[in-house]
Amino acid sequence: MAVDDDFDIPDTGAVFTFGRSRFADNAPSKFWIKNDMIVEIACGDEHTAVLTESGRVFTIGNNDMGQLGLGSKRPVSKPSCVKSLKPEKVVHIGCGRSHTIAACRECLPCCIYLVLFT
């Protein structure tokens, strides 16, 4: 899933993806995070981030600039939890061309965003 893709979050919490990407087979597919509803999705050029109800962030897609925040630059074809954010309560996410940002609960009063990876 990336900028040109469409996405939908049904009541089940599953995310359905379809679109063009060199990291997917371009056929409709779905994923969900067990026992944690997906509440927000953000897309970059070739990567996607999802935020769960409990405040966890999962990323998938191209990672040539480290934009997935997983500690490597290898592409990822299945949603992977951003472990460095586990101690935080993330409340919003965003993606740009090759970066991902997250806003943590503690940051909101002063409008400071935690830049994850660019």
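Bear in mind these aren't lab numbers, they're just calculated from the coordinates by the rules spelled out. If you're wondering where the values come from, they're calculated on a predicted model, not measured in any experiment. Glycine gets a Cβ as well: all are built from the backbone with ideal geometry, and neighbour counts include every protein chain shown.
Given R₀ = 25 Å, FRET efficiency for SER80-GLU106 by Cβ-Cβ distance, to 0.05? Before the final figure, lay out each step's value.
On the way: r = 24 Å, r/R0 = 0.96.
For SER80 and GLU106, the calculated efficiency is 0.55.
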Name the long-range amide H neighbours of TRP32: under 5 Å, sequence gap of 5 or more, or other chain; modelled H, no Pro or chain starts.
VAL15
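Would you kindly state how much longer the chain becomes between HIS92 and ASP36 on full extension, computed as 0.36 nm times their sequence separation minus their alpha carbon distance, in nm to one decimal? Don't skip to the answer; put the middle values down first.
On the way: separation 56, 0.36 × 56 = 20.16 nm, distance 1.56 nm.
Roughly 18.6 nm would be gained on extension.
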